[in-house]
Structures are given as structure tokens and as C-alpha cells.
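Peer 1: Here's a structure for you.
Since every read-out is calculated from the coordinates, none of them should be taken as a lab result. For clarity, every value in this text was computed on a predicted model and none was experimentally measured. Every residue, glycine among them, receives a Cβ derived from its backbone with ideal geometry; neighbour counts consider all protein chains shown.
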Amino acid sequence: MTKKSIAVILSGCGNQDGAEIHEATLSLLAIHKHGADYQCYAPNIPQHHVLNHLTGKEMDEERNVLIESARIARGDVLDLADFSASRHDALVIPGGLGAAKNLSTYAFEGSDCRINEDVRKAILTMAEQKKPIGALCIAPAILAQLLDQVLVTIGQDPTTAANIEAMGAHHTPTLHGEIVVDKERKVVTTPCYMLPSRVDQIAEGADKLVQEVLKFAEEGNPR
């Protein structure tokens, strides 16, 4: 049996200005654990800014999202501009503030946010081909802006939930390790570090999300 291929969009490296490393790594672990393969992607763009992860203060330097994402992917990451939905059975987007600062402008513009064009194309082409999409932590806000009436979760935060509703999506509150499944749109989401979480709780949510995404992929394209 041919293994399913899951595309994973990264947004840099580090929760304050890039991809959340635990969410990204544990998603990759779950993909292999459940018998699939992955290919990491990232947009080849400058980071919005660079933060010192000890102090939270902005640093006077510039970094590239694709190059920073290579730290997590051990160099095996492709430019998102070259993404083709036909090559993959599903898409997963880990969180971290890079999703809200580099993949989109959600951190600054809330429900009026703009989505990076390569990210937009990847998500919409997967949706058009009815292939499943998983999003962790704050990344469901990107789906809320792009997929009309989609059902997602970001946990319990009332401001983010209200923004998701304002974008025309629907929000369901969740706790640690829980997922929300939009069966019609084949979208799976989990809150992760949108809640104060331990790393084992992140692992539980990522694992459940990947399992559900793979179920959709198998139903849509058994091979």
C-alpha cells in the first residue's frame, strides 16, 4: 500500500515569531507513527520580526521564514510557491505566532487579516480537491478567513473565538487534547498552546488530529 503524503506548512522556528516547535515536531512524529510520510513547506519571505525568546523583546536583525523553517525540517523543506495539491493527500499547519505574523496578519489585524498568497493558494487548492486539512493552535484562524462557514476550535480564548465568528466561521470551545472535526469540509483543528498546556497534552492533540486527517485521506483516496 502506498503511504499517504501530508504537506506540512511551517512558519519559521520558535513560538514567538515562527512555528511552535513542539506542535510542529509532534505533528511530524504522529504522521510517521500512523504510517504516512510528510513534506515540509514554508514561504520564502522575511519574518515579520525576530524576537528574543528569553526576554520577548524584538531583536535588530532579519530572518527568512523558509531558512528558519529548515531548522525544524532538518533542511528538508520546500518553497511553498512550488506547492502542488496533486502531490499530497492532506495538509497540516502547526501553530505558533509565525502563523499569525508570517503566514497571515492575524496578530495585527484580527478578523480583517490578510493571508500570504502562497498559503492561500495551498489551502484553497486542497479544499477545492476535497483533501483534508488540519490546523493547530492559532492556525485555525487562517482557515476561518479562507473557508466559508468552516467549523474550528482555538480552545477557550473569547477574543480569538469572536474574531473567528466575525470571519464567517464557527467556533467550538475545547480543552487539552481535544479536536473539532468539520466533516463536510474535512477540516480538523486542535487548540494546543492556545491553552496553558504540557508537552504531553500537545502530543495528544497532534496525534488525534493526524489520525483524523488520515481517516479523511483514506476515505477520499484509498491506495
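Peer 1: Using the Cα centre as the reference, give the magnitude of the dipole from point charges on the C-beta atoms of the chain (Lys, Arg: +1; Asp, Glu: -1; all else neutral), rounded to the nearest 20 debye.
Peer 2: 620
Peer 1: Return the sequence-ordered ³J(HN,Hα) values of segment 41-52 in whole Hz as given by the Karplus equation 6.51 cos²θ - 1.76 cosθ + 1.60 applied to θ = phi - 60°, using x for Gly and Pro.
Peer 2: After applying 6.51 cos²θ - 1.76 cosθ + 1.60, I find 9, 7, x, 8, 9, x, 5, 4, 7, 10, 10, 6 Hz.
Peer 1: Which residue, chosen from SER104, ALA81, ASN64, occupies the Cα position most advanced towards the positive end of the dipole of segment 62-114, where the dipole is computed from +1 (Lys, Arg) and -1 (Asp, Glu) charges on Cβ about the Cα centre?
Peer 2: ASN64
Peer 1: Filter LYS57/LYS121; LYS4/LYS183; LYS121/LYS208; LYS183/LYS208; LYS4/LYS186 down to the pairs with a C-alpha to C-alpha distance above 24 Å, please. All intermediate terms of the calculation are to be shown ahead of the outcome.
Peer 2: Numbers: LYS57/LYS121 33 Å; LYS4/LYS183 19 Å; LYS121/LYS208 26 Å; LYS183/LYS208 15 Å; LYS4/LYS186 16 Å.
With Cα atoms farther than 24 Å apart: LYS57/LYS121; LYS121/LYS208.
Peer 1: Can you list the cysteines of the chain that have no other Cys Cβ under 4.7 Å away?
Peer 2: If one checks each Cβ against the other cysteines of the chain, CYS13, CYS40, CYS113 turn up with nothing under 4.7 Å.
Peer 1: Please enumerate, by chain and number, the lysines with C-alpha under 16 Å from the C-alpha of LYS3, excluding those fewer than 8 residues away in the same chain.
Peer 2: Within the straight-line limit of under 16 Å, LYS3 reaches these lysines: LYS33, LYS131, LYS215.
Peer 1: What are the ³J(HN,Hα) couplings of segment 104-111, residue after residue, when phi is run through the Karplus curve with 6.51, -1.76, 1.60 and θ = phi - 60°? Round to Hz, x for glycine and proline.
Peer 2: For segment 104-111, the Karplus curve yields 8, 10, 4, 4, 10, 10, x, 5 Hz.
Peer 1: Let me ask another. Could you state the number of Å between the C-alpha centres of segment 97-123 and segment 1-80?
Peer 2: Each part reduced to its Cα centre gives a spacing of 15 Å.
Peer 1: Order the peptides 174-180, 124-130, 97-103 from the highest to the lowest mean number of other Cβ atoms within 10 Å of their residues.
Peer 2: 97-103, 174-180, 124-130
Peer 1: Please report the relative contact order for segment 104-170, taking Cα pairs under 8 Å with a sequence separation of at least 6, and give it as a percent rounded to a whole number.
Peer 2: 30
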